[in-house]
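Data block below; observations after.
Quick note: the coordinates plus some simple rules give every number you see, no bench work behind them. On a predicted model such as this, the values are computed, not experimentally measured, just so you know. Note that each Cβ is placed from the backbone with ideal geometry, even for glycine, and that neighbours are counted across all protein chains shown.
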Amino acid sequence: MSNASQIEQLLEQGIAAAKAGHSEQARQLLMQVVEIDERSEQGWLWLSEVVETTDDRRICLENVLAINPEHAHARAGLEWLDQVTPTPVEEQDRCPRCEADIPSSGSTCPHCRLPLIVVCPSCGEYVDVDQAICPHCRYPLGDFREGAHYHLALAEALVANRRMDHAQDALARARVEAPDDPQVLAGSAALYAQLGRTDQAIAAYERAIEGAPDNAQPYAGLGALYRGRAQMEQARDLYQQAGELAGDDPPLLCELARYHLEEGAPAGDAPEEALKYLQRALKIQPDNAEAHLLQGDANVLLRELDRAYKEYGIAYELAPADSTVGREAQRKLGRLQAVDLRSRGRRRGSRRASASRPQGRPGCVTAYAVLTGIGGLFGILGAITIAMLLISGRQMLAEAFEMAGPGFPIDLNTFTGAMWIYVGIALVVAAINLAIAFGLWYLKNWARIAVIVLNSLGLLANLVQTVIQLSASRELFALAGASGVPLPVLIPIFIGLAIQGFIIFWFAMNRDFFE
């Protein structure tokens, strides 16, 4: 069956059902008609007779006119609907605070100046001011009826989420809501300081001090701003006033302690002054991680490293691991453990060693130091002598090489270059010997180690050279009819090796003489 035949059959069945009063059946049949053919004029017209709502009837008749604008029945039907259906009256928007009428497109109430929309600090979407929770991300926005404190809290959250432009708008709104509230002024000043608007922050702190001269917090905040500007006299006076007024506010007490630790007290008793504030803070709030951290800093300045280590450990346990205080405590613990505690251990070890170390310098060490120093001096003198000969006797050397003739295996430039290298090496070796002699004279442990290392290298080199020499000597003596190397030849060699071995052994076993 073709679509046209199907549509005609469904249309006939639907009209018949409509005339018979079977509205549901007619509606289903006629819906099939308009689904198959959206431009079925008769289908839309008869469907308008059986739909349930006035809005649906209006849609059907408008579709008829869209197909045939001259359709009189559809036009008459729409006119009748307009007469019997009342025009909906748009409900006027009202301000959630003063309930005055507001324009639908307005963003601020023209009567009480309440912002009608705010920016969500979390997702950045605009939200109606009367929404306590952002409908987009479920971030808690608070209650706008709290006035200036609502906008101040919103500004703090916007700053924390790096939405600086919107934060300034919220700050301005908080100042408008409560222009003389010292608490709002102090909070606004702190946020202005974070935004880099120092002049506005200073002005807000000064007004907060005027409004509440007994509140220590604005003095400390203003002091921090002057301190950042390197205006230290003004900062010192403000911190002093804050210290006199500070009561039971642990964060403020910690701020005052930090100031003393970082800038120092006039009389040089900064750690003691800081500890006074910190002990007050910890008396009020024993689990204040920042106070324990700063107390550790004060103990470090007082060189009480055991107590500092303990305070840093407490701060690390109390603070969240990913917080600024937690990370700083961990870093300072590690630094104390790796540097300060190890240094203290070395000092204690040094004192114990000094107590048990024999007094005086052993005679053998004195002799070795003197001989090594003499060897270094002779090395320097020899190097200088050769250098002077190379400089002043170059003409004589040139004549000697000229007399040797072209068949001589080395030329003058090669010879002088080699001698200059020898002079350089001799000077380096002499300097090392003098340094070792100095270290041995004053019983420095590094000198002892240098003697062991150099003599070990020398002993190894001598052993190799001795083996080579003995092999060559054995062949020579064999040609002379001897059965081996004679004992008078071997004795000096082994005595020299034994002396080197003994030196290494003595310095290795007598650590207690050296610092």
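Things to note:
- Net charge, Arg75 excluded, C-beta distance under 15 Å - Lys, Arg +1, Asp, Glu -1: -3
- Whole-Å semi-axes of region 3-84's equivalent ellipsoid (Cα gyration tensor): 20, 15, 10
- Relative packing of 241-248, 150-157, which averages over residues the other C-beta atoms within 10 Å, highest first: 150-157, 241-248
- The Cβ shell under 14 Å around Cys123 holds other residues with a net charge of +2, Lys and Arg each +1, Asp and Glu each -1.
- Using C-alpha pairs below 8 Å separated by at least 6 residues, the relative contact order for region 3-84 is 21 percent.
- Scattering profile of region 117-299 at q = 0.14, 0.16, 0.18 Å⁻¹ [log10 I(q)/I(0), Debye over alpha-carbon scatterers]: -0.83, -0.99, -1.11
- Under 5 Å from the amide H of Ile133 lie the amide H atoms of Leu141, each residue being 5 or more positions distant or on a separate chain, with H modelled from the backbone and absent for Pro and chain starts.
- Cα lying deepest toward the dipole's positive end in region 117-299, options Ala204, Gly247, Val159, charges on Cβ: Val159
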